[in-house]
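Below is one structure, written out as structure tokens; the observations come after it.
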Amino acid sequence: MPGKHMQNRLLAHSTPLILALILLAFVAGVALTGDRALARMAAETLVRVTLVVGLWIFVGNSGVISFGHAGYMAIGAYCSAWLTLKPQAKALFLPDLPVWLANAEWHVFPAAIASGFLAAFVALISGAAILRLSGIAASIATFAFLAIVYTVYSNWEGVTGATSSVVGLTRYVGPWVALAWAVAAIVAANLYANSASGLALRATREDEVAARASGIDQYRHRLLSLVISGFFTGVAGALFGHSLGVLNPDSFYLGITFIALAMLVVGGIGSLSGAVTGVLVLSLLIEALVRLEQGITIGEAALALPSGAQEILIGIVMILVLILRPAGLTGGAEFRLRARTPRLSFDQEQTTTN
Amino acid sequence: MNTAAQLFFDAASLGGIYAMAALGIALIFGVMNLVNFAHGQYIAFCVFALIVPSTDAVAVMFLGRAPAFLLIPLLLAVGAAAAVASEYAVFRHLRKATPVAMMISSFALGFVIQNALLATYGGRPKAISLWPELNTPVTVMGASVPLLQLIVILATLTVVAGLALLLKKTRIGLEMRAAAENFTMARLLGVRANVVITGAFALSGALAAAVALIMATQTGVADVRMGGQIMLVAFIATVIGGLGSLPGAVAAGFLIGAVSVLLQAYLPLDARPFRDAFLYTLVIVSLLVRPQGLFVPSSAKPRV
């Protein structure tokens, strides 16, 4: 029935609304406690939401695992540093920048947008090459891309400061700024996923041969999703830099790649709600484990996890989820309003149909 | 002539290490379509098995104290045991999962092993001295070559020949080749899946241990991060060689070794720190030219 179909298409747009409300409740809850450590945790979590949703735009829709997104993140983060740092600081730490860049002193918001565009542009160039490959070969090629970015950024002494950190970034990213970008990423991700290109791309994810037989140009849709994905990943990189205040190439290598993928997989790679759920669940788990590593006292006994336990446990959780619930916590379903009975519930339909 | 011979030995020994690491990955991919990201951590695990667990800066030899004729089989067994144990703990439960899910879980497993090593041994690289006399140069064909390089080249050739014999002449080898060709069909024809997979993991782990021995002798350092770099190169070698193709993995391992030695020798000085960036760019270019790799195994063709 066309009427029901239309209704279904419209209700798909309730997903970003619900996700935005969940995140808003999270930030508001944290803001009410007034705890500064918690506020920092919330800001970090929402930067991760932007990152993982950015990653999902490509990985979730295409089904191709990308190990290269930490590279786009690094590109965005350093771009924002080049544009916003004080010219004196740049003359001191990054002497080889071109003159116009060395003198640039942008406002942070246009700088974040510019970071996104630079990362999107690099995604276009790298994707044009990498996405010609099929599934696993493409994944390995994204790994090669990550290694290229890492090698360049950790050796380009006069432009990126190499392995010595770039310091002095304005730390303007609090929970509310991060919330705004996270919601923007979620809205864009949902719009893309429900666009003609997004649906076509998901068809190739489910069955490459059948999709090709239906006249879908897989390469074009993958490239488009990678460019959009690159934009938000680049912005997430800029936000990451401005929430810590310090940049180092090592922050954008295997560690963040692993955490981002873990969040995506634990939440459920097949749905946008899964990406957001994964970030929230794992961020809370990481926070709890970090506090346990610092030690808590229950009555007389002082408990402390050995350091390193956090990473090990996250890895084990990820393996367990993959074994016990391969489609992730949300099982590939979206949070959305349902037709007929308008109440908040899990949609039981397969994602392939929505 | 001198430099040519020198370059040849450098390339062959580096390529030999890459080839062995790539073989370990290709073996497992062939049998169960698993891209095993934990392979690099098997290597790191074996290196650290040489020394006593502690976070002190000075390394005390543990297994490394044993004489060579004991140490080599012992470490190969440790590597095989680690790989088989990981199969029992993780991959056995993922037999029906998609290749992507298996790839991510191996990534997670590698992360767990790496952080476990970090927690037990501390993050600082440690100096270890394993057979230091092997680094003394000898003169061959006018080039001065560390003895170890010759041993690496010989060891690689022995391993490759031994593996070829094992695969061609023994029952388990035949079963492995059958499983790599078409796993479901092979099972229907009576190939013992668990034996084959355990065997592949044991071989792969032993290869990781061999790489670990060479790296420990060559660099004299035990570093938690040492597995990552070689694993990445090994992966790229397996993909360039054609995923699942063993001769392809070996050939591509040697090719990457040769290219990186040549880049190191002939890049202008300013560009040398960026050698790896050039190498990986070439890798992407080569994948674009031959997306299926240099050697395409018949199992790689998509079935409709």
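Any read-out appearing in this document is the output of simple, stated calculations on the displayed coordinates, not a laboratory observation. Owing to the predicted nature of the structure, the values given are computational and were not obtained by experimental measurement. Because the Cβ atoms are built from the backbone with ideal geometry, glycine has one as well, and the counts that use them run over all protein chains shown.
Mind giving me the nanometre distance, one decimal, between the label points for A:D217 and A:V281, set 7 Å out from Cα along Cα→Cβ?
If labels sit at A:D217 and A:V281, their model points lie 3.9 nm apart.
Sorting check: for A:40-47, B:261-268, which peptide has the highest mean count of neighbouring beta carbons within 10 Å, and how do the rest follow?
Packing proxy ranking, top to bottom: A:40-47, B:261-268.
Scan the stretch B:124-197 for trypsin sites (Lys or Arg not before Pro) in coil per DSSP, keeping those whose Cβ has at most 16 other Cβ atoms within 10 Å, and list them by number.
Sites meeting the loop and neighbour criteria: B:R192.
Say we join alpha carbon atoms closer than 10 Å with springs in a Gaussian network model of chain A; which of A:A260, A:A137, A:A20 then has the biggest fluctuation?
A:A137
Sort the following peptides by mean Cβ neighbour count (other Cβ atoms within 10 Å, averaged over residues), highest first: B:109-121, A:202-214.
Averaged packing, sorted descending, gives the order B:109-121, A:202-214.
Of chain A, which part is the longest with no chymotrypsin sites (Phe, Trp or Tyr not before Pro) in a loop (DSSP not H, G, I, E, B) and with at most 16 other C-beta atoms within 10 angstrom?
Maximal segment without exposed cleavage sites: A:173-354.
Could you work out how far apart the two model spin labels at A:D250 and B:N194 are, taking each label as a point 7 Å from the Cα in the direction of the beta carbon, and quote it in nm?
4.4 nm
How much length is gained on full extension from B:L157 to B:S129, taking 0.36 nm per residue of separation minus their Cα-Cα distance?
Roughly 7.5 nm would be gained on extension.
Between A:A129 and A:L199, what FRET efficiency follows from the Cβ-Cβ distance if R0 is 30 Å, with the result rounded to 0.05?
Once rounded, the FRET efficiency stands at 0.70.
Looking at B:G199, B:I51, B:I284, which one has the Cα that reaches farthest to the positive end of the dipole of chain B (charges on Cβ: Lys, Arg +1; Asp, Glu -1)?
B:G199
Considering the dipole of chain A built from charges on the beta carbon (Lys and Arg +1, Asp and Glu -1) around the Cα centre, which of A:M73, A:L146, A:Q218 is farthest to its positive end?
A:Q218
Which ³J(HN,Hα) values in Hz, rounded to whole numbers, follow from the phi angles of the stretch B:275-284 under the Karplus curve 6.51 cos²θ - 1.76 cosθ + 1.60, where θ = phi - 60° and Gly and Pro get x?
These are the phi-based 3J(HN,Hα) values: 3, 5, 5, 5, 4, 6, 5, 4, 4, 5 Hz.
In nanometres, what is the gap between the two model label sites at A:I113 and A:D35, each 7 Å from Cα along Cα-to-Cβ?
3.7 nm
Please report, in debye to the nearest 20, how large the charge dipole of chain B is about its Cα centre when each Lys and Arg carries +1 at its beta carbon and each Asp and Glu carries -1 there.
Around 900 debye, computed over chain B.
In what sequence, highest mean first, do B:195-201, B:243-249 appear when ranked by Cβ atoms within 10 angstrom?
The packing order, highest mean first, is B:243-249, B:195-201.
Is any residue of the stretch B:230-255 close enough, with backbone N under 19 Å, to a label point placed 7 angstrom from the Cα of B:K168 along the Cα-Cβ axis, and if so, which?
B:245-252
Can you work out the base-10 log of I(q)/I(0) for the protein assembly as shown at q = 0.05, 0.06, 0.10, 0.11 1/Å, using the Debye formula on its C-alpha atoms alone?
-0.24, -0.34, -0.98, -1.18
B:V140's amide H: which non-local residues (gap 5+, or another chain) put their own amide H closer than 5 Å, with H modeled 1.01 Å from N in plane and none for Pro or chain starts?
B:V145
Report the residue, chosen from B:E87, B:E133, B:E175, that carries the largest GNM mean-square fluctuation when chain B is represented by alpha-carbon nodes joined by springs under 10 Å.
So, out of B:E87, B:E133, B:E175, the one fluctuating most is B:E133.
Is there a simple number for the mean count of other chain Cβ atoms within 10 Å of the Cβ of residues in B:231-240, and what is it?
Mean shielding by partner chains, rounded to a whole number: 3.
If you project the alpha carbons of the stretch B:165-304 onto the principal axes, what extent comes out on each, in Å, largest first?
Its Cα atoms span 59, 39, 24 Å along the three principal axes.
How big is the charge dipole of the protein assembly as shown about its Cα centre, in debye rounded to the nearest 20, if each Lys and Arg gets +1 on its Cβ and each Asp and Glu gets -1 on its Cβ?
1520 debye
For chain A, modelled as a Gaussian network with Cα springs under 10 Å, which listed residue fluctuates most, A:Q294, A:Q310, A:Q218?
Of A:Q294, A:Q310, A:Q218, the most mobile in the Gaussian network model is A:Q294.
Return the calculated 222 nm mean residue ellipticity for chain B, to the nearest 500 deg cm²/dmol, obtained by summing -39500 (n - 2.57) across DSSP H runs with n ≥ 4 and dividing by the residue count.
-23000 deg cm²/dmol, from helical runs alone.
Taking every pair of Cα atoms in the stretch A:85-187, average 1/r, invert it to obtain the Kirkwood radius, and report Rg/Rh to two decimals.
Rg/Rh: 1.03.
Would you mind getting me the FRET efficiency between B:K96 and A:H5? Use the beta-carbon distance for r and R0 = 35 Å, nearest 0.05.
Rounded to the nearest 0.05, the efficiency is 0.55.
How crowded by other chains is B:115-125, given as the mean number of beta carbons from other chains within 10 Å of each beta carbon?
Counting other chains' Cβ atoms within 10 Å and averaging over B:115-125 gives 3.
Limiting things to C-alpha atoms, what are the Rg and the maximum Cα-Cα separation (Dmax) for chain B, in angstroms?
When restricted to Cα atoms, chain B yields Rg and Dmax of 19.2, 59 Å.
Applying 1/(1 + (r/R0)^6) with R0 = 56 Å to the Cβ-Cβ distance of A:R171 and B:A4, what FRET efficiency is obtained, to the nearest 0.05?
Using R0 = 56 Å, I get an efficiency of 0.50.
What does the average come to when, for each residue of peptide A:251-261, you count the partner chain Cβ atoms lying within 10 Å of its Cβ?
2
Based on alpha-carbon atoms only, what is the radius of gyration of the stretch B:198-243 relative to the globular estimate 2.2 N^0.38 Å?
Rounded to two decimals, the normalised Rg is 1.28.
With the Cα gyration tensor of the stretch A:8-251 in hand, give its eigenvalues times 5 under a square root as the equivalent ellipsoid semi-axes, listed largest first in whole angstrom.
31, 25, 13
Once amide H atoms are built 1.01 Å from N in the peptide plane, which residues 5 or more positions from A:R336, or in another chain, come under 5 Å H to H?
A:S345, A:D347
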